[in-house]
1. Somewhere in the stretch 190-197, is a residue assigned by TED's automatic domain parsing to the domain that holds residue 222, of a type in the set (S, T, N, Q) and modelled with pLDDT of 90 or more?
2. From the list 52, 48, pick out the single residue that is touching a Ser or Thr at 6+ places or on another chain (Cβ under 9 Å) and either part of a loop (DSSP other than H, G, I, E, B) or touching a residue at least 12 places away in the same chain (Cβ under 8 Å) (or both).
3. Could we say that residue 135 is under 14 Å from the mean Cα position of the chain (by Cα), assigned by TED's automatic domain parsing to the domain that holds residue 151 and among the β-branched types (Val, Ile, Thr) here?
4. Residues of the stretch 14-48 being over 16 Å from residue 168 (Cβ atoms) and surrounded by 17 or more Cβ atoms within 10 Å (Cβ to Cβ), which ones?
Amino acid sequence: MNLRAVRKKTKSVKNVKKITKAMQMVSAVKMKKSVTEESDGRPYRNGLYEILSSVAGKIDISHSPLLQQSSSDSQKDLIIYVSANKGLCGSFHVNLLRYVMKHVNLHETEFVTLGSKGAQLISRFDKDIISDYSTGHPMAQTGAIFDQAVTSFLSGKYRSIKILYNQYLSPTRAEVKLDQLLPLAIAPEKKQQTAAAEYLIEPSPKVLIEPLLKSIIEERIRGAVISSQAVEHSMRMMAMKSATDNATDVIYNLTLIGNKLRQTKITSELLDMITAKESVEAN
């Protein structure tokens with residue numbers, strides 16, 4: 001490698017470093033926004049489920065088909081696969097794929113995808129994707145996904161509806177989660193089981209349960225999408241930070257190589273001058 005090639009390569013790596021640094025900063029801003037949205041919406045989602053759990057003793061599952069196992073003979077499950085439209089986000093997509101391969105029976109599962117990367121990966125298994133909501137902003141698609149999930153379950157097409165996503169834990173930690181949306185399971189809180197009779201539900205549990213259940217399911221979908229976005233931006237920020245650090249190391253090494261080549265060139269030119277001088281003086 002000559003000095004010119006080293007300088008050209010160093011310039012290219014510096015340009016890459018500028019790009020990765022910019023992407024790191026953009027991802028940090030997006031991550032902060034997504035984390036804020038996730039934390040702001042969490043009390044509402046938890047509050048809805050706590051209300052349902054606190055009055056679970058008075059709720060009969062016959063009040064809503066959303067609480068009952070499908071009466072059809074379907075042996076199919078539907079998974080809402082939440083991924084991203086872009087790459088360069090570390091193990092974000094790999095973790096989801098590993099979970100599917102290890103824990104999901106692909107012969108009994110169909111998919112609804114949110115994110116083009118997830119759709120591409122699922123297609124490689126020759127699995128039919130029922131719907132793909134990769135176009136547009138992910139949060140704008142949650143309503144359509146909710147409607148399809150509820151309609152498909154009530155029609156008896158699937159025995160269960162689940163959602164697969166990366167759950168945000170911290171900027172450096174995430175966990176793949178597979179939550180069941182339908183049929184919705186209600187776990188009564190132990191501390192409130194004895195006090196369930198104290199609640200007065202008006203006009204009646206049968207009237208109120210359906211909209212409450214739908215709100216819980218829709219908020220779960222929305223929360224999963226927001227959490228997935230926070231993980232995506234967090235992992236991309238970390239990936240770009242790693243790329244920036246690697247570029248810095250490459251630039252340092254190339255600079256050393258360039259200095260050595262320049263020294264070698266200068267030394268060679270000096271030796272040529274001294275040799276020429278001595279040759280002239282000898283004559």
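The values are calculated or read from the model by the stated rules, or taken from the named source; none is laboratory data. These numbers were taken from a predicted model, which means no experiment stands behind them. A quick note on method: Cβ atoms are made from the backbone with ideal geometry, for glycine too, and the neighbour counts reach across all protein chains shown.
1. Within the stretch 190-197 (the criterion being assigned by TED's automatic domain parsing to the domain that holds residue 222, of a type in the set (S, T, N, Q) and modelled with pLDDT of 90 or more), the answer is no, since none of the residues qualifies.
2. Step by step, each of 52, 48 is checked, and only 48 is touching a Ser or Thr at 6+ places or on another chain (Cβ under 9 Å) and either part of a loop (DSSP other than H, G, I, E, B) or touching a residue at least 12 places away in the same chain (Cβ under 8 Å) (or both).
3. no
4. Residues satisfying the conditions are 17, 20, 23, 24, 48.
Conditions tested, residue by residue: (1) over 28 Å from residue 91 (Cα atoms); (2) at pLDDT 90 or above; (3) not aliphatic (A, V, I, L, M).
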site: 125; (1), (2), (3): no, no, yes
site: 131; (1), (2), (3): no, yes, yes
site: 135; (1), (2), (3): no, no, yes
site: 141; (1), (2), (3): no, yes, yes
site: 146; (1), (2), (3): no, yes, yes
site: 150; (1), (2), (3): yes, yes, no
site: 154; (1), (2), (3): yes, yes, no
site: 166; (1), (2), (3): no, yes, yes
